[in-house]
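K.L.:
This is the structure I want to talk about, given as structure tokens.
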Amino acid sequence: MKSEITTIIKDYKFKTVIGMLDFERVGKQEVQVNLEICSTSFVDYILVMDFINSFYNEKKFQGVEESLEATCKALKEKFSSLTSLKMEILKTEILPNAVVGAKISTVF
């Protein structure tokens, strides 16, 4: 019997530069990441969170959709035991009356 482990990270918040509008490119804004990763072995959620934070701050993405695709690829390269991934990134401060973002679901 082959088992898979699902690691869940909810409401992980950090600040990064993300967005296409001029004011979004000037300073960091808070984003929230929700993530489910399935793997064939243990994946340390602290390492995943640190990796995501560093990755976003290094890349400074324009679109959330673009960021999700790149992050999925980078997570698979970093954590080779991943078999699937669901990730959501939300902009928590961009609008006063809503949280907006995008999500992706990938099977490796």
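K.L.:
Using amide H atoms built in the peptide plane, which far-off residues or other-chain residues are under 5 Å from T83 H to H?
P.N.:
C38, S39, T40
K.L.:
If you line up the Cα atoms of the chain on their principal axes, what length do they span on each, largest first, in Å?
P.N.:
That works out to 51, 26, 21 Å along the principal axes.
K.L.:
Let me ask something additional. Mind scanning K10/K59; K15/K78; K28/K78; K13/K103; K2/K78; K28/K73 and naming the pairs with a C-alpha gap bigger than 20 Å?
P.N.:
Result: K10/K59; K15/K78; K28/K78; K2/K78; K28/K73 exceed 20 Å.
K.L.:
Nothing charged except the Cβ atoms of Lys and Arg (+1) and of Asp and Glu (-1): what's the magnitude of the dipole of the chain about its Cα centre? Round to the nearest 20 debye.
P.N.:
Dipole size: approximately 80 debye.
K.L.:
Here's a follow-up. Can you work out the Karplus-derived ³J(HN,Hα) for every residue in segment 10-25? Use 6.51 cos²θ - 1.76 cosθ + 1.60 with θ = phi - 60°, whole Hz, and x for glycine or proline.
P.N.:
10, 6, 6, 10, 7, 9, 7, 8, 8, x, 9, 6, 3, 5, 6, 8
K.L.:
Using every alpha carbon pair in segment 6-61, what percent of pairs falls into each 10 Å bin from 0 up to the bin containing the largest distance?
P.N.:
Bin by bin from 0 Å, the calculated values are 22, 46, 24, 7, 0.
K.L.:
Which of these, T40, T83, T71, has the largest mean-square fluctuation under a Gaussian network model of the chain (Cα springs below 10 Å)?
P.N.:
Result: T40 has the largest fluctuation of those listed.
K.L.:
Let me ask something additional. Can you compute 3J(HN,Hα) from phi for each residue in segment 102-108, using the Karplus curve 6.51 cos²θ - 1.76 cosθ + 1.60 with θ = phi - 60°, rounded to whole Hz and x for Gly and Pro?
P.N.:
Using θ = phi - 60°, the values come out as 8, 9, 9, 10, 9, 10, 8 Hz.
K.L.:
Which whole-number percent gives the relative contact order of the chain, counting Cα pairs below 8 Å spaced six or more residues apart?
P.N.:
29 percent
Rule-based calculations on the coordinates, nothing more; no lab input. What you are looking at is a predicted structure, and each value in this text was computed from that prediction instead of being measured. Cβ sites come from the backbone with ideal geometry, for glycine too, and all protein chains shown count toward neighbours.
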